[in-house]
Each structure stands twice: as C-alpha cells, then as structure tokens.
Amino acid sequence: EGGTYYVDGEVATSFDPAVAGEYALVYEYTENGCTNTAEGMIVVNPLPDVMLMAYEPICEGSDEFDLYGGTPEGGTYYVDGIEAITFIPEFAGDYELEYYYMDPETGCAASAFGMIVVNPQPVVTCPEPFAVCLNDAPWEL
C-alpha cells in the first residue's frame with residue numbers, strides 16, 4: 001500500500017476489465033528514498049459465445065422432453081431458475097429458460113436466455129347424446 005500502479009504505462013487506481021486482452025501491470029513503491037518495482041500482466045479473457053435456440057410453443061399435457069439447443073455443449077439448463085435436464089409441460093404458462101456455460105480453460109461464464117411457452121388445451125364439449133331416426137333430414141354440426 002502507498003505505491004503507484006500503472007496499467008499499460010498509465011497511472012491507475014482501479015482496473016475495469018471491459019475489453020478482452022493483455023495489459024501490462026507495474027507496481028512502483030518508494031520507501032526510505034529507495035524505489036522498487038514489480039511487473040506483471042493482467043489477462044482479460046473473453047466471455048464464451050453462448051447461444052440457445054428458440055423453442056416452438058407446445059401444448060399443456062404434452063410429453064416430457066430433454067432440454068436442448070444450448071451451445072457450446074457442456075452447459076447447464078435452468079427453468080425458472082431451477083436446474084433441469086428435462087421439462088414436463090404439465091401446466092400452461094411461460095417458463096424462462098436459461099443455458100449457462102463456463103469455459104473450462106478460462107473460468108469465464110455466460111448465459112443465453114429463452115422461453116418455453118406452454119399453451120393451454122382448448123376446452124372441448126360435446127352435446128348430450130341424442131337420438132335420431134333413420135332417414136331424418138340432415139343438419140349441420
């Protein structure tokens with residue numbers, strides 16, 4: 001503490017890793033009239049390019065299915081914030097889907113988001129059973 005940091009030759013009191021790349025770091029400290037420096041490197045790794053394909057709407061009561069469409073492979077799916085491998089469209093509604101991926105080489109992570117839309121089943125009713133006679137006049141249903 002009490003020394004001066006330089007990032008790429010400029011005096012710095014903080015560092016914002018907003019741009020991927022390598023940055024030269026120098027720490028200079030003076031005590032009792034003597035100055036010494038230490039040098040290092042700050043490496044800002046890019047975030048992984050994470051994508052999630054769009055899901056087509058499905059119907060309430062459809063079969064359970066494996067979650068899919070996230071790249072790069074090896075990530076984790078979350079439905080409404082809960083980790084999941086499959087989805088059961090038991091109830092109509094909109095469900096937030098997240099695909100989270102961490103690059104094993106850099107430790108940097110990113111997510112892609114989408115929706116699973118579960119449409120309600122239409123309400124269907126039939127008339128009460130009724131009888132007709134052979135050769136009655138036809139009618140529209």
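The values are calculated or read from the model by the stated rules, or taken from the named source; none is laboratory data. The structure presented is a predicted model; accordingly, all values stated were derived computationally and were not measured. We place every Cβ from the backbone using ideal geometry, glycine too, and count neighbours over all the protein chains shown. Quick note on the areas: whole protein, heavy atoms, side chains included, nothing else; ligands and nucleic acids left out. Shrake-Rupley method; radii C 1.70, N 1.55, O 1.52, S 1.80 Å.
Extension gain, Tyr100 to Thr76: 0.36 nm times the residue separation minus the Cα-Cα distance gives 8.1 nm. For the stretch 1-88, the dipole from Cβ point charges (+1 on Lys and Arg, -1 on Asp and Glu) about the Cα centre works out to 260 debye, to the nearest 20. Excluding ligands, DNA and RNA, the accessible surface per residue across the stretch 96-141 is 84 Å² with a 1.4 Å probe.
Modelled spin labels at Val117 and Ala20, positioned 7 Å past Cα toward Cβ, are 3.3 nm from each other.
If you run the Gaussian network model on the chain, springs between alpha carbon atoms under 10 Å, then out of Met41, Met115, Met51 the most flexible one is Met41.
Any idea what log10 I(q)/I(0) is at q = 0.09, 0.14, 0.15 Å⁻¹ for the chain, Debye with uniform C-alpha scatterers and no solvent? With one equal scatterer per Cα and no solvent, log10 I(q)/I(0) is -0.58, -0.81, -0.86.
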